[in-house]
Amino acid sequence: MQGSANLNIMIKTARNAGRSLVKDFREVENLQVGRKGPGDFVTKADMSAEQIIRDELMAARPTYGWVGEETGEVEGKDPTRRWIVDPLDGTTNFLHGLPHWAVSIALEHKGEIVAGVVFDAAKDEMYYAEKGAGAWMNESRIRVSGRNRMSEAIFATGVPWGAKKTLPATVHDLAQLMPTCAGVRRWGAASLDLAYVAAGRYEGYWEREISAHDVAAGIILVREAGGFVEPLRADGSIFDQGAVIACNSGVFEKFAKTLRDR
Ligand code: LIP
């Protein structure tokens, strides 16, 4: 795919940050250096990857705003455009030596995500999408799965940890959903959950307590791959609610009804 200048910058930056993370992966000195809250770790690797991304994106587009997991929010001269970045989504997996984590970079324009890149550096899988240009993984176009029976569908979610309040609701979701489908997975990196829905590896994903930087890039991957992404509850936006549902078109209605009828 011939991407725009912005998409090419995002891909190059994600690759550079991913390379730095691969070097740090499984190196003891790069393990946990702090905690933002119970179960919410930050590593030297997170911080240096965010610095790489911030330096490269700010140099390339100095007027755009910035929201990064580790460095917070900076308003740009251009109030209509901002980067939304998670330098290391799946920090807990990274800390445990589990090769399932990613760099996530999204570009928002006037409140809409217009480009997204999720780089699974450990597996060298670069997922990217731009509004109107489809979703891609490395050189191949990706699409959501064509499965349309709940009994054959698998889903992914994030199970809340530590001080998160949504454990009872998530347990209720699981009790309602599990008897209707072929299984539920919990991998620990929301950006990759969305990338996997986009690639047709599983049918859907939902999570009840999630941050914008975890899901921003994945939202456009799923939409451009032909799937639906909505706020989990009918009112408000995904970012305001911090709750999301994403799915192929074949089982979306049944999946959403199961989670929304409470
Ligand atoms: C993590 C997610 C994970 C989710 C956690 C957490 P981090 O992001 O992607 O799937 O369940 O709540 O937010 O903290 O590793 O960037």
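Numbers for the structure displayed
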quantity: Residue in region 198-211 that is under 13 Å from Tyr128 (Cα atoms), away from the ligand (no atom under 14 Å from the Cβ) and touching a helix residue (DSSP H, G or I) at 6+ places or on another chain (Cβ under 8 Å) present; calculated: yes
quantity: Residue among Lys77, Lys23 that is of a type outside the set (A, V, I, L, M, F, W, C), modelled with pLDDT under 95, in a loop (DSSP other than H, G, I, E, B) and away from the ligand (no atom under 16 Å from the Cβ); calculated: Lys77
quantity: Out of Gly204, Gly242, Gly218, sole residue that is in contact (Cβ under 8 Å) with a residue 12 or more places away in the chain and closer than 17 Å to Val117 by Cα; calculated: Gly218
quantity: Members of region 80-127 found to be among the aliphatic types (A, V, I, L, M), under 15 Å from the mean Cα position of the chain (by Cα), outside any loop (DSSP other than H, G, I, E, B) and within 16 Å of the ligand (Cβ to nearest atom), listed by number; calculated: Ile84, Val85, Leu88, Ala102, Val103, Ile105, Ala106, Val117, Val118
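The values are calculated or read from the model by the stated rules, or taken from the named source; none is laboratory data. This structure is a prediction, so every number in the text was calculated from the model and none was measured. Reconstructed Cβ throughout: ideal geometry from the backbone, glycine too, with neighbour counts over all protein chains shown.
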